[in-house]
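Structure, as structure tokens:
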Amino acid sequence: MNILVIGCGAIGSFYAERLANARATVTVTARGAHLDALKRNGLTVIHDGETRHQDVIACSHPELQSTSKVDDFDVIVIALKATQTKALLNELGSWLVAGKTPVLSVQNGVDNEPLLASVIGQARVWGGLSVRSGGEISQPGVATTTGIYKVIIGPWPASNTIPSNLTALASLWQSQHVPLEVSNDIRKELWKKLIVNCGVNPLSTVTRQKTYELTHQPELAQKVYGAMQETGRAAAYDGVEITPDEVDDMFNLIKSFNSIKTSMLIDLEKGRELELDAILGSVIARCRLLGKPAQITESLWTELTSKPLPDSLDGLFNRE
Ligand SMILES: NC(=O)C1=CN([C@@H]2O[C@H](COP(=O)(O)OP(=O)(O)OC[C@H]3O[C@@H](n4cnc5c(N)ncnc54)[C@H](OP(=O)(O)O)[C@@H]3O)[C@@H](O)[C@H]2O)C=CC1
Ligand SMILES: CC(C)(CO)C(=O)C(=O)O
């Protein structure tokens, strides 16, 4: 298979390396010193102490547009930050539209897939998420990662018919022992992941704590659980039912993880934009639209940004 991974950060690097090792032809996009290093030395992933290396094709987005067509690829995987989805569509939207290749998002949040669908059409969009994964670009050309990196993917928003190219992509990852689940209801899976992210990512950023402390110190754990409950309530706006047991399951899941530094805390430490709209904003806006309380997520929002609380879904991405 010929696979394009847009955004060769921590998550993109891990999955691209496994695909290349499964003998897929892998192109990754990157920029700056990281792109230069990828072109010069290939991609290195240090996963839980094991160093792996692959030669990949690396290019910038302008180079991608000038050297290839969207249908040159069998699948496109988007592993950018959710804060970058709209910019991607501004930059590469017309290139993406000119073909039939399916596009899989493995980003955090529940609004990437609908945003992609609004430009390239729902039929070409697959939803996805990465479970129990952590990491960062530790130096140009090198991703240092930790965790299980389970993938859950499925046609957006839900379908009992799984396309053959989705199964083929899944088989490549499975051949590399990447735990994988194909879902008929990926939108619900994305909401379940958002329960975890909304529970731990913003609070980790406020307190500078990893997931173990957040879920084991009683005062913090109470806030994590409260934000998770609010996220479960917000899902109703999208017609997704989350039961109290499912909230408990997600809390227990993150509580039993290896202690992970959340991606939002890593972003804070690196002085990068935080995925606040995708993780907190999407929950706050939906609770407000439903007339349901979201005190904990609202107070985390206020601690992390001076932007006004979002009360509609309009403009949630890349708000000024
Ligand atoms: N890391 C983690 O622990 C986890 C992350 N996730 C989610 O996965 C998604 C990806 O996260 P993560 O891998 O950490 O993010 P990263 O920031 O590490 O990766 C995104 C990559 O895309 C690059 N990029 C952004 N815009 C462009 C552009 N226009 N042209 C070329 N390259 C570009 C970035 O470069 P630059 O650095 O220059 O911006 C960066 O290398 C997010 O939604 C995140 O929340 C999920 C589970 C765990
Ligand atoms: C759930 C968690 C904390 C680790 O996979 C994550 O998704 C993140 O860091 O963004």
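For every residue, the table says whether it meets (1) within 16 Å of ligand 2 (Cβ to nearest atom); (2) among the aliphatic types (A, V, I, L, M); (3) buried (at least 24 other Cβ atoms within 10 Å of the Cβ).
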{"residue": "Lys81", "(1), (2), (3)": "yes, no, no"}
{"residue": "Gly99", "(1), (2), (3)": "no, no, no"}
{"residue": "Asn112", "(1), (2), (3)": "yes, no, yes"}
{"residue": "Val119", "(1), (2), (3)": "no, yes, no"}
{"residue": "Gln139", "(1), (2), (3)": "no, no, no"}
{"residue": "Thr144", "(1), (2), (3)": "yes, no, no"}
{"residue": "Lys150", "(1), (2), (3)": "yes, no, no"}
{"residue": "Asn160", "(1), (2), (3)": "no, no, no"}
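Scanning region 255-311 for residues that are open to solvent by 10 Å² or more (accessible area, probe 1.4 Å), of a type in the set (S, T, N, Q) and within 16 Å of ligand 1 (Cβ to nearest atom) yields a total of 3. Put simply, of Leu268, Leu274, Leu316 the only residue that is within 20 Å of the chain's Cα centre (by Cα) and modelled with pLDDT under 95 is Leu316. The set of residues from region 123-141 being among the basic types (Lys, Arg) and out of contact with any Pro (no Cβ under 7 Å at 6 or more places or on another chain) comprises just one member, Arg132. Summed over region 88-113, residues that are more than 28 Å from Lys188 (Cβ to Cβ) and within 11 Å of ligand 1 (Cβ to nearest atom) total 3. Residues of region 278-320 that are out of contact with any Asp or Glu (no Cβ under 8 Å at 6 or more places or on another chain), among the charged types (D, E, K, R) and over 14 Å from Thr231 (Cβ atoms): Glu303, Lys307, Asp311, Asp314, Glu320. Looking only at region 21-46, residues that are closer than 10 Å to Cys59 by Cα and either open to solvent by less than 30 Å² (accessible area, probe 1.4 Å) or part of a helix (DSSP H, G or I) (or both) come to 8 in all.
Ile242: in contact (Cβ under 8 Å) with a residue 40 or more places away in the chain, closer than 18 Å to Glu189 by Cα, in contact with a helix residue (DSSP H, G or I) (Cβ under 9 Å, 6 or more places away or on another chain) and within 14 Å of ligand 2 (Cβ to nearest atom), yes or no? Criteria not met by Ile242. Put simply, of Lys100, Lys69, Lys86 the only residue that is of a type in the set (Lys, Arg) and within 24 Å of Leu274 (Cα to Cα) is Lys86.
If you go through region 162-182 and keep only what is open to solvent by 10 Å² or more (accessible area, probe 1.4 Å) and of a type outside the set (A, V, I, L, M), you end up with Pro163, Ser164, Asn165, Thr167, Ser171, Gln174, Ser175, Gln176, His177, Pro179, Glu181. What are the residues in region 133-150 that are at pLDDT 95 or above and assigned to a strand (DSSP E or B), if any? Passing the criteria: Ile137, Ser138, Gln139, Val142, Ala143, Thr144, Thr145, Tyr149, Lys150. Residues in region 179-194 that are under 17 Å from Glu275 (Cβ atoms) and away from ligand 1 (no atom under 14 Å from the Cβ): Trp191 alone. Of everything in region 124-137 that is within 16 Å of ligand 2 (Cβ to nearest atom) and among the hydrophobic types (A, V, I, L, M, F, W, C), the residue that is most open to solvent (accessible area, probe 1.4 Å) is Ile137. Within region 4-40, how many residues turn out to be within 9 Å of ligand 1 (Cβ to nearest atom) and of a type in the set (S, T, N, Q)? Total meeting the criteria: 2. For region 207-224, state whether one or more residues are touching a residue at least 12 places away in the same chain (Cβ under 8 Å), touching a strand residue (DSSP E or B) at 6+ places or on another chain (Cβ under 8 Å) and in the same structural domain as Val283 (by TED's automatic domain parsing). Scanning region 207-224 turns up no residue that is touching a residue at least 12 places away in the same chain (Cβ under 8 Å), touching a strand residue (DSSP E or B) at 6+ places or on another chain (Cβ under 8 Å) and in the same structural domain as Val283 (by TED's automatic domain parsing). Please specify each residue of region 245-254 satisfying the condition of being within 16 Å of ligand 2 (Cβ to nearest atom) and either out of contact with any Gly (no Cβ under 6 Å at 6 or more places or on another chain) or open to solvent by 50 Å² or more (accessible area, probe 1.4 Å) (or both). Selection gives Glu246, Asp249, Met250, Phe251, Asn252, Leu253, Ile254.
The values are calculated or read from the model by the stated rules, or taken from the named source; none is laboratory data. The shown structure was predicted, so the numbers you read here are calculated from the model rather than taken from an experiment. A quick note on method: Cβ atoms are made from the backbone with ideal geometry, for glycine too, and the neighbour counts reach across all protein chains shown. For the accessible areas, the whole protein counts, side chains as well, though only heavy atoms, and no ligand, DNA or RNA atoms are used. Shrake-Rupley method; radii C 1.70, N 1.55, O 1.52, S 1.80 Å.
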